[in-house]
Amino acid sequence: MNCTGKTMPVVQGKTSFCTNRQDGRYASESYCNAFHHCIVVTDHIFRCTGELQWDDKKKECGWKSSVRCGPPKKMLPNDSKYNSTFCTGKPDG
């Protein structure tokens, strides 16, 4: 997890998403501003902060103007129930 304020963990757990996938970051099938980070078959789901969206080519969150995300995907709400304090008090990096 890079605590530079660009991503926030939403949930982690064993899901079928990471089955038969190599460790890495993958676009969400449902949301423009979320992505899966597969680590040893464990699915860590992250949400880009603010209005940033997941850029699957660069494998990072970026501005809407430079990211291609089309229908039927939507934005995961920027809601307190989707926020995490994981990076609170931790240095960038």
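Here are the numbers for this structure:
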| read-out | value |
| --- | --- |
| Contour minus Cα-Cα distance for MET75 and THR15 (0.36 nm per residue) | 19.5 nm |
| Taking the convex hull of Cα positions in the range 27-78, its mean projected area over all directions (nm²) | 3.6 |
| Linear extension gain, ARG68 paired with VAL41, 0.36 nm per residue minus alpha-carbon span | 7.0 nm |
| Using a Förster distance of 30 Å, the FRET efficiency for ASP23-LYS57 (Cβ separation, nearest 0.05) | 0.95 |
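Only the coordinates and a few stated rules stand behind these numbers; no lab work does. What you are looking at is a predicted structure, and each value in this text was computed from that prediction instead of being measured. Note that each Cβ is placed from the backbone with ideal geometry, even for glycine, and that neighbours are counted across all protein chains shown.
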